[in-house]
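Have a look at the structure below before the remarks.
The values are calculated or read from the model by the stated rules, or taken from the named source; none is laboratory data. Source: prediction; values computed, not measured. Every residue, glycine as well, gets a Cβ built from its backbone with ideal geometry; the counts of neighbours run over all protein chains shown. Each accessible area value is taken on the protein alone, full model and side chains, heavy atoms only, with ligands, DNA and RNA left out. Shrake-Rupley method; radii C 1.70, N 1.55, O 1.52, S 1.80 Å.
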Amino acid sequence: MDTQTTENLSGTDRAVRTVVGIVLVGSTLVFDLTPVEIGVMSLVAAYPLVTALIGWGPLTAIADGLIKSANDTPSHSPRL
């Protein structure tokens with residue numbers, strides 16, 4: 001299997017996502033939040049933590065696909 005299809009995050013991306021996820025989880029412990037806010041923060045923190053763990057981000061894949069398709073389209077410049 002090609003690694004391009006299974007991993008689309010660099011080591012830096014994974015490290016940043018891990019730190020962001022840990023900060024979000026830690027904020028639920030530090031701040032006085034309601035149970036609903038704790039639940040929302042935990043769900044929001046799950047995305048960067050899980051994507052860092054598996055090395056693949058669905059939003060990154062979508063953005064990469066859009067950029068690639070935009071670069072693959074021929075330019076329609078007028079002929080002189």
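What pairs come out if I take residues in region 48-70 that are closer than 25 Å to VAL23 by Cα and pair them with residues that are open to solvent by 60 Å² or more (accessible area, probe 1.4 Å) and of a type in the set (D, E, K, R) whose C-beta lies under 7 Å away, six or more apart or interchain?
ALA52/ARG14; GLY55/GLU7; GLY55/ARG14; TRP56/GLU7
Out of the residues in region 50-59 that are assigned to a helix (DSSP H, G or I) and of a type outside the set (A, V, I, L, M), which is modelled with the highest pLDDT? Write out each step before concluding.
Going through region 50-59, the residues assigned to a helix (DSSP H, G or I) turn out to be 50-54, 58-59.
Keeping just the survivors that are of a type outside the set (A, V, I, L, M) gives 51, 58.
Numbers: THR51: 95, PRO58: 90.
Of everything passing the filter in region 50-59, THR51 is modelled with the highest pLDDT.
Tally up the residues in region 66-78 that are open to solvent by 80 Å² or more (accessible area, probe 1.4 Å) and either assigned to a helix (DSSP H, G or I) or modelled with pLDDT of 90 or more (or both), please.
Counting residues in region 66-78 that are open to solvent by 80 Å² or more (accessible area, probe 1.4 Å) and either assigned to a helix (DSSP H, G or I) or modelled with pLDDT of 90 or more (or both) gives 5.
With the requirement that a residue be open to solvent by 80 Å² or more (accessible area, probe 1.4 Å) and closer than 30 Å to GLY65 by Cβ, what does region 17-30 give you?
Step one: list which residues in region 17-30 are open to solvent by 80 Å² or more (accessible area, probe 1.4 Å), which gives 19, 22-23, 29-30.
If the condition is that a residue be open to solvent by 80 Å² or more (accessible area, probe 1.4 Å) and closer than 30 Å to GLY65 by Cβ, then VAL19, ILE22, VAL23 are the ones that fit.
So that you can scan it fast, the table gives a plain yes or no per residue for (1) outside any helix (DSSP H, G or I); (2) loosely packed, with under 13 Cβ neighbours inside 10 Å:
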site: ALA15; (1), (2): no, yes
site: ASP32; (1), (2): yes, yes
site: PRO48; (1), (2): no, no
site: ALA61; (1), (2): no, no
site: ASP64; (1), (2): no, no
